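Rule-based calculations on the coordinates, nothing more; no lab input. Keep in mind it's a predicted model, so treat the numbers as computed, not measured. Backbone-built Cβ (ideal geometry, glycine too); neighbour counts: all protein chains shown.
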Amino acid sequence: MQPLKIALFGPLKIILDCVPVDTDRHKAIALLAYLAVEDKPSSREALAALLWPDYPQASAFLYLRRTLWELNQILGKGWIETDREMVSLTRSLNLLVDVEAFQSLLEASQNQASNIN
């Protein structure tokens, strides 16, 4: 799987195999950002309600399927894991999310500070 970097601090950047990914699909970007920060699978029902709260459930599910297809087109197969009920971003050594890296550094510094006291 090609390396994927998602930078959410500052202007959003998606970099796949050292090449910036450019898309105007706002819902696809929002879904990817949510999955990157949410470190566990999310239900299709919750995602559809989150991204299309004003639409009937059937329409929201249809838009979610379309958006998942768009993400697979943007990123290539393998990054988005789906089944009939859940959706998640594949966690691998090839994935770097700046928010996760920041949280890890923050936790490490807090642990180090508590060990000093």
Top-ranked residue in the stretch 53-110 [being surrounded by fewer than 13 Cβ atoms within 10 Å (Cβ to Cβ) and touching a Phe, Trp or Tyr at 6+ places or on another chain (Cβ under 8 Å); ranked as farthest from residue 39 (Cα to Cα)]: 59
Residues (closer than 22 Å to residue 5 by Cα and among the β-branched types (Val, Ile, Thr)) located in the stretch 70-116: 74, 80, 82, 87, 90, 97, 99
Long-range neighbours under 6 Å by Cβ, at least six apart or interchain, first residue closer than 13 Å to residue 89 by Cβ within the stretch 9-36, second surrounded by 15 or more Cβ atoms within 10 Å (Cβ to Cβ) and of a type in the set (S, T, N, Q): 28/67; 31/67
Cβ-Cβ under 9 Å pairs, at least 6 apart or on other chains, the stretch 95-116 side farther than 16 Å from residue 10 by Cα and touching a residue at least 24 places away in the same chain (Cβ under 8 Å), far side surrounded by 10 or more Cβ atoms within 10 Å (Cβ to Cβ) and among the β-branched types (Val, Ile, Thr): 95/6
Every residue from the stretch 14-36 that is surrounded by 14 or more Cβ atoms within 10 Å (Cβ to Cβ) and aliphatic (A, V, I, L, M): 14, 15, 16, 21, 28, 29, 30, 31, 32, 33, 35, 36
